[in-house]
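J.: Following this message is one structure expressed as structure tokens.
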Amino acid sequence: MPRTSARTPSSASAGFARRLLAHTPVRAGWLLAGTLALAACGSAGPLRSAQSDSKETTKPAAAPAPIVTVAQGPQLIPRYVLFGNPERAGGSISPDGKWLGFIAPRDGVLNVWVAPADKPGEARPMTNDRRRGIRSFSFAHDGKHILYSQDEGGDENLQLFAADLATGNARALTPKGSRAVLLALSDRVPADVLVTVNDRDPKFFDVARIEIASGKRTPVLRNTEYGGFIADEQLRVRFASKPTRDGGTQWFERPATPANAPFRPFAPLANIPGAEAMTTGPMALSSDGNTLYLRDSRNRNTAALFAMNLRTRALTLLHEDARADFSGFIAHPATGLVQAAAATYLRDTWRVIDPAIKADIERLDALAGDGEFGISSRTRDDKTWVVSVRKSNESTKVYLYDRASGKAALWFDTRPALTGLPLQPMWPVEIKARDGLTLPSYVTLPRVADPDRDGKPNRTVPLVLMVHGGPWARDSYGYNPYHQWLANRGYAVLSVNFRGSTGFGKAFVNAGDQQWGRRMHDDLIDAVNWATQQGITQRERVAILGGSYGGYAALAGVTMTPKDFACGVSIVGPSNLNTLLNSIPPYWTTLRSMFAQRVGNPDTPEGKALLAERSPLTYVDRIERPLLIGQGANDPRVKQAESDQIVKAMQARKIPVTYVLYPDEGHGFARPQNNTSFNAVTEVFLGRCLGGRVEPIGGDFEGSSITIPVGADALPGVKEALSALPAKR
């Protein structure tokens, strides 16, 4: 697999340990909807648009007839332009340089498309998903297949598939009903893939090697204790991790052996205490298997990047930043040796380690201008790089960079329909919490408040506090459709990296331990007070909105601090922390000790009492401001019961609430029709609460599975839009 950025150990739980319950922002913005992994990575060339190659059915915008109660602002940007399918995204080039691939709509649903690199105009769909869409893929190293995953209805039981590049025929490589995660691909074993899959025991992920062409599966490791793995280029499992009782991690090493040798037991490598676990651990191996790259915050605060010589055990410091954790690296596609590394405080900063790419990084920095660049794939011969450029007030552009000439050619614009529309810049800011902790944050001002676009408000406007999920995740700079949408409607938008967020050192993340609804929430209140002091908003004109942990924060806002927010929007937010932690997916069992350390222990009387004290459901009778709740019926992380129980409690007390439920969604709304329909409801809700501009619902419920069991008649036009839908959808 071409190494272009930092990789965490792959497993059933890897990838969730740091963004548990999260809609994690990945450069392009908060991932509430089906934009996962669509930060626009691709290649260059005069490809036709996806719309010309498919029967794209995205509907045109209705003529806007805004309800203007804040101020007459710039042109309303239609919701479907912001939240509908991108024209193209997820672009990549195959390791052998023969194929280009990207994600684009096919009959209105996102699918994988490929084209010969020398005939980019001959792009054709490789997949034919008809419902949820496919959001990421990989080129297999055999040059004959693509690999992609899909679940059903948001249940997160991802099934791995392989599609033949020549015929388009697809084969399931893992069984339905279990969760599979791609662990490793390799140039040295191009015909096979290494996966983790929990079909034997839902709690633990076994490692298996699968022949891509035939689907033949060979067991590699029967797992009864480990939570994550790292494999080498021979597809041999070399490292494994296991959670410890204090919320930490124990790492084990398996010495390199011949490919056909029997499996050897793991030997202890390192014990990482709970206070270091979020910021310390192995990440990847060099291709020769002799160098282990790891992030490490021991004897320091922020996580630095180190290289360990596995023969001598010598450690070499490659990159450190006193303000932020090491956040990613660029590695050579053939050797796997790290060539550059980044840290991200408010913005990305890169340090070149290998002089061979110094000129390349300088050129890409110039290409990005006031934005940021990312490298998504490189050919095996390292002649061609796929580069994306991100800016806060433009859609992401994707280029093919030719190293020989030093030139980058534009391949595609992910959302060309945004060109010329009134997008606003995002401004990084630092906010002081009441105890002196600095909170790196981001604010976007509507044009009516910042006509000079200098980040300084000329007048106060209503504000939406957008709280990220996780909470072990972070907000970042870049194009964010939610910031643009809300700013266009007349709201200032503030995203805060409160304590407990990752990326700013172990002291910052550990300061959030067992502080749900307490100091983590205080940080949000302090950020709103800052916005008031800066002349951005007035204290009584602030809404709180978020997904996952952000949804919890919204519920906490309207229950625990009922006078601090004018209204709240909670998407897949837990209302009862005891029921939340007792209903986690089976494959998160190995992470239970981490939950106990960082949230509260549901297995002790003291822990249960703390969790009850921090649960919004406990304070439901305090609610006095409007509340909108969104939920996916198939959510495996924050189950539907979390929303049902607080809605039921509010109904019992005759407290108004609007509850939007999607029967075909999980932890967030993946289908664009569902996401757009929920945002249409949210826009009406915020308009009623804060007085912002409202685009009529129009046909934005069409094609969605939206149901509103409670409170549809409380919002103008919502019940009528529901009534206009076919009886059976």
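J.: Just want the answer: with Cβ charges of +1 for Lys and Arg and -1 for Asp and Glu, which residue in Ala543, Pro709, Asn679 is farthest toward the dipole's positive end in the chain?
T.: Of the candidates, Pro709 comes out farthest on the positive side.
J.: Considering only the other residues whose Cβ falls under 14 Å of the Cβ of Arg363, what net charge follows from Lys and Arg at +1 and Asp and Glu at -1? Display every interim value, and only then the final one.
T.: Numbers: positive: Lys358, Arg403, Lys407; negative: Asp360, Glu362, Asp365, Asp402.
Charge balance near Arg363 sits at -1.
J.: Give the shape of segment 395-443 as rounded, prolate or oblate, defined through the alpha-carbon gyration tensor: a ≥ b ≥ c are the square roots of its eigenvalues, a/c under 1.5 means rounded, and otherwise the shape is prolate if a/b is larger than b/c and oblate if not. Write down the numbers at each step before the final one.
T.: Working: a/c = 5.30, a/b = 1.95, b/c = 2.72.
Taking the square roots of the gyration eigenvalues as a ≥ b ≥ c, segment 395-443 is oblate.
J.: List the trypsin sites (Lys or Arg not before Pro) within segment 104-136 that fall in a DSSP loop (any state other than H, G, I, E or B) and whose Cβ has at most 14 other Cβ atoms within 10 Å. Intermediate results must be reported in sequence, preceding the final value.
T.: Working: sites: Arg106, Arg130, Arg131, Arg132, Arg135; in loops: Arg130, Arg131, Arg132, Arg135.
Qualifying residues, ordered by number: Arg130, Arg131.
J.: Also, quick follow-up: How far, in degrees from 0 to 90, does helix 358-368 lean away from the longest principal axis of the Cα atoms of the chain, to the nearest 10?
T.: 20
J.: Just check segment 342-415 against the gyration tensor rule for me: Cα atoms, a ≥ b ≥ c as the square roots of the eigenvalues, rounded for a/c under 1.5, and otherwise prolate or oblate depending on whether a/b exceeds b/c.
T.: Values: a/c = 1.93, a/b = 1.13, b/c = 1.71.
Here segment 342-415 falls in the oblate category.
J.: Report the antiparallel proportion of the DSSP beta bridges in segment 441-539 as a percent, rounded to a multiple of 5.
T.: Numbers: 4 of 8 bridges.
Once the DSSP bridges in segment 441-539 are tallied, antiparallel ones form about 50 percent.
J.: Past the 27 Å Cα-Cα mark, which pairs from Lys176/Lys719; Lys119/Lys144; Lys432/Lys563; Lys506/Lys639; Lys242/Lys608; Lys563/Lys719? Don't skip to the end; give the middle numbers.
T.: Details: Lys176/Lys719 38 Å; Lys119/Lys144 17 Å; Lys432/Lys563 22 Å; Lys506/Lys639 30 Å; Lys242/Lys608 25 Å; Lys563/Lys719 29 Å.
The answer is Lys176/Lys719; Lys506/Lys639; Lys563/Lys719.
J.: OK, next. Given a 1.4 Å probe, how much area per residue of segment 148-205 is accessible, in Å²? Can you show the working numbers first?
T.: Numbers: 2200 Å² over 58 residues.
Solvent-accessible surface per residue comes out at 38 Å².
J.: Find, among the trypsin sites (Lys or Arg not before Pro) in segment 242-338, those assigned to loop by DSSP (not H, G, I, E, B) with at most 11 other beta-carbon atoms within 10 angstrom. Please report the intermediate quantities before stating the final value.
T.: Numbers: sites: Arg245, Arg295, Arg298, Arg300, Arg311, Arg313, Arg323; in loops: Arg245, Arg298, Arg300, Arg311, Arg313, Arg323.
Here the trypsin sites (Lys or Arg not before Pro) that fit, given the DSSP loop and packing criteria, are Arg245, Arg311, Arg313.
J.: For segment 75-147, count the residues as N, evaluate 2.2 N^0.38 Å, and divide the Cα radius of gyration by that value, please. Present the calculation step by step, with values, prior to reporting the outcome.
T.: Values: Rg = 13.6 Å, N = 73, 2.2 N^0.38 = 11.2 Å.
The value comes to 1.21.
J.: What do you get for trypsin sites (Lys or Arg not before Pro) in segment 596-694 restricted to DSSP loop and a cutoff of at most 10 other Cβ within 10 Å of the site's Cβ? Present the calculation step by step, with values, prior to reporting the outcome.
T.: Numbers: sites: Arg598, Lys608, Arg614, Arg622, Arg637, Lys639, Lys648, Arg653, Lys654, Arg688, Arg693; in loops: Arg614, Arg637, Lys639, Arg653, Lys654, Arg693.
Here the trypsin sites (Lys or Arg not before Pro) that fit, given the DSSP loop and packing criteria, are Arg653, Lys654.
J.: Also, I was wondering about something else. Once you sort the root eigenvalues of the Cα gyration tensor of segment 639-696 as a ≥ b ≥ c, which label holds: rounded (a/c under 1.5), prolate (a/b larger than b/c) or oblate (the other case)? Each step should come with its number before you reach the end.
T.: Details: a/c = 3.30, a/b = 1.13, b/c = 2.93.
In terms of gyration-tensor shape, oblate.
J.: Can you give me the relative contact order of the chain as a percent, contacts being Cα pairs under 8 Å and 6 or more apart? List each step's numbers first, then the result.
T.: Numbers: 1937 pairs, mean separation 107.8, N = 729.
Dividing the mean separation by the residue count of the chain yields 15 percent.
J.: Dividing the Cα radius of gyration by the Kirkwood radius, what Rg/Rh value follows for the chain? Don't skip to the answer; put the middle values down first.
T.: Values: Rg = 24.4 Å, Rh = 25.9 Å.
Using Cα coordinates only, the ratio equals 0.94.
J.: Here's another thing I want to ask about it. For segment 302-450, what is the relative contact order in percent, using Cα pairs closer than 8 Å and at least 6 residues apart in sequence? Display every interim value, and only then the final one.
T.: Working: 260 pairs, mean separation 17.6, N = 149.
Computed value for segment 302-450: 12 percent relative contact order.
J.: Gly666: net charge of surrounding residues, Cβ under 12 Å, Lys/Arg +1, Asp/Glu -1, itself excluded?
T.: Details: positive: Arg132, Arg637, Lys639, Arg671; negative: Asp151, Glu152, Asp155, Glu156, Asp635, Asp664, Glu665.
Here the charged neighbours net out to -3.
J.: Mean projection of the alpha-carbon convex hull of segment 297-408 over all orientations, in nm²?
T.: On the way: hull surface 31.8 nm².
For segment 297-408, the mean projected area of the Cα convex hull comes to 7.9 nm².
J.: I would also like to ask the following. Residue farthest toward the positive end of the dipole of the chain, with Cβ of Lys/Arg at +1 and Asp/Glu at -1: which of Leu221, Gln484, Met426?
T.: Leu221
J.: Carbon-plus-sulfur fraction of the accessible area of segment 361-429, 1.4 Å probe, in percent?
T.: Numbers: 1340 of 2650 Å².
Ligands and nucleic acids excluded, carbon and sulfur reach 51 percent.
J.: What is the distance in Å between the Cα centroid of segment 660-729 and that of segment 152-188?
T.: Cα centroid of segment 660-729 versus Cα centroid of segment 152-188: 33 Å apart.
J.: Got a number for carbon plus sulfur as a percent of segment 243-323's accessible area, 1.4 Å probe?
T.: Values: 1970 of 3840 Å².
Carbon with sulfur: 51 percent of the solvent-accessible area.
J.: Which angle from 0 to 90°, rounded to the nearest 10, does the C-alpha axis of helix 640-652 make with the longest principal axis of the chain?
T.: The angle comes out near 10 degrees.
J.: Let me ask something else about it. Can you quote the Å³ per residue value for the convex hull of the Cα atoms in segment 137-216, rounded to an integer? It would help to have the intermediate numbers written out before the result.
T.: Values: hull volume 6.6 nm³, N = 80.
Given the Cα convex hull of segment 137-216, per-residue volume reads 82 Å³.
J.: I've got another one for you. Suppose we keep just the DSSP beta bridges with both residues in the chain; what percent of those would be antiparallel, to 5? It would help to have the intermediate numbers written out before the result.
T.: On the way: 112 of 136 bridges.
The antiparallel fraction comes to roughly 80 percent.
J.: Still on this structure: Once Rh is set to the Kirkwood radius over Cα pairs, what Stokes-Einstein translational diffusion coefficient, in µm²/s, holds for segment 518-658 at a temperature of 4 °C and a viscosity of 1.567 mPa s? Can you show the working numbers first?
T.: Numbers: Rh = 15.6 Å.
Translational diffusion coefficient: 83 µm²/s.
J.: Along the charge dipole of the chain, Cβ charges K/R +1 and D/E -1, which of Pro105, Leu690, Asn271 sits furthest on the positive end?
T.: Checking the options against the dipole of the chain, the answer is Asn271.
J.: In degrees between 0 and 90, to the nearest 10, how far off the longest principal axis of the chain does helix 519-533 point, with axes built from Cα atoms?
T.: 60
J.: In addition: Please work out the average accessible area per residue across segment 581-658, using the 1.4 Å probe convention, and give it in Å².
T.: Values: 3200 Å² over 78 residues.
Per residue, segment 581-658 has 41 Å² of solvent-accessible surface.
J.: How charged is the neighbourhood of Ala140? Take every other residue with its Cβ under 12 Å from the Cβ of Ala140, and add Lys/Arg as +1 and Asp/Glu as -1.
T.: Net local charge, Ala140 excluded: -4.
J.: Pairs of Cα atoms under 8 Å, at least six residues apart: use those to get the relative contact order of segment 258-326, whole percent. Don't skip to the end; give the middle numbers.
T.: Numbers: 104 pairs, mean separation 14.3, N = 69.
21 percent.
J.: Another question, then. Tell me the carbon and sulfur percent of the accessible area for segment 547-621, rounded to whole percent, probe radius 1.4 Å.
T.: On the way: 1130 of 2030 Å².
Using a 1.4 Å probe with all protein chains present, segment 547-621 comes out at 56 percent carbon and sulfur.
The values are calculated or read from the model by the stated rules, or taken from the named source; none is laboratory data. Given the structure is predicted, the values throughout are model-derived calculations rather than measurements. Glycine also receives a Cβ, built like all others from the backbone with ideal geometry; neighbour counts cover every protein chain displayed. For the accessible areas, the whole protein counts, side chains as well, though only heavy atoms, and no ligand, DNA or RNA atoms are used. Shrake-Rupley method; radii C 1.70, N 1.55, O 1.52, S 1.80 Å.
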